[in-house]
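Colleague: Sharing a structure below in structure tokens format, with a few things to ask.
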Amino acid sequence: MASQAASTASQAEPLLDQLYGDWWRELPTSNERLRLVASFSRPIDLVELEQLCDAVGWSRRPLRRVRKALSHSLLVVGLWRHDPRVPKLVGFARCTGDGVLDATIWDLAVHPLYQGCGLGKGLMRVLLERLRAMEVEKVTLFADAAVVSFYEAQGWNLEPRGERCVFWYAR
Ligand SMILES: CC(C)(COP(=O)(O)OP(=O)(O)OC[C@H]1O[C@@H](n2cnc3c(N)ncnc32)[C@H](O)[C@@H]1OP(=O)(O)O)[C@@H](O)C(=O)NCCC(=O)NCCS
């Protein structure tokens with residue numbers, strides 16, 4: 001299958017990758033110990049990303065539009081099972097925003113085979129670390145009902161006073 005790679009917005013920052021380089025995890029299902037590589041600058045293979053989104057049950061989006069969305073994102077982070085010959089994307093998240101005042105996190109996904117060993121939480125942590133380093137003031141996200149407690153356990157607040165509403169304006 002043809003591989004379609006998209007460059008991310010933050011390719012000029014290899015140093016931070018070293019910080020986020022290697023994650024070791026034991027898979028809860030098989031007790032297999034794995035080496036994973038997290039990166040903000042390694043190109044995302046769009047076909048692998050589509051396979052990851054398929055695996056978590058998301059509906060498909062045209063790859064050319066996904067490529068554009070990634071290139072317009074403020075941060076894109078991928079998590080790969082470490083194998084230099086056959087990169088395998090097992091986790092992903094991105095955020096959009098102005099890089100100063102506001103950012104919104106989208107598309108956090110961990111492949112079901114790799115869920116339950118801290119990877120989703122880790123991806124959120126490194127994204128927030130990056131946004132904090134950029135001094136972004138406010139970070140928001142839209143959570144599916146099934147994952148509200150996942151975010152709450154990490155310190156996210158559901159809009160606390162019921163004073164704000166989410167509006168959708170769809171094409
Ligand atoms: C949500 C998701 C990213 C979590 O990834 P994960 O790697 O399995 O999560 P972690 O292993 O880092 O879990 C961290 C903590 O959250 C808890 N948790 C995981 N999934 C949860 C869920 N759906 N609801 C509530 N808590 C959850 C874990 O038990 C763990 O708790 P602990 O710190 O007390 O041990 C993953 O299940 C996923 O990709 N789901 C499908 C896509 C999706 O719904 N994305 C969110 C879009 S808003």
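Colleague: For the chain, which span is the longest to avoid every loop-located (per DSSP) member of chymotrypsin sites (Phe, Trp or Tyr not before Pro) having at most 14 other Cβ atoms inside 10 Å?
Modeller: It runs 59-141.
Colleague: How far is helix 119-133 tilted, in degrees, relative to the longest principal axis of the Cα atoms in the chain, given as a value from 0 to 90 rounded to the nearest 10?
Modeller: Long axis of 119-133 versus the principal axis of the chain: about 60 degrees.
Colleague: Here is a further query. Specify the angular offset, from 0 to 90 degrees and rounded to the nearest 10, of the alpha carbon long axis of helix 46-55 from the longest principal axis of the alpha carbons in the chain.
Modeller: 70 degrees
Colleague: Follow-up. Taking the alpha-carbon centroid of each part, what is the distance from the range 89-111 to the range 138-171 in angstrom?
Modeller: Computed from Cα coordinates, the inter-centre distance equals 14 Å.
Colleague: Using the eigenvalues of the Cα gyration tensor, what equivalent ellipsoid semi-axes result for the chain when each is taken as the square root of five times the eigenvalue, whole Å, largest first?
Modeller: They are 25, 19, 18 Å, listed largest first.
Colleague: Also, I was wondering about something else. I'd like the antiparallel share, as a percent to the nearest 5, of DSSP beta bridges with both residues in the chain.
Modeller: Once the DSSP bridges in the chain are tallied, antiparallel ones form about 85 percent.
Read the figures in this text as sums done on the coordinates, not as results from a lab. Everything quoted here is computed from the prediction, not taken from an experiment. Note that we place each Cβ from the backbone using ideal geometry, even for glycine, and neighbour counts take in every protein chain shown.
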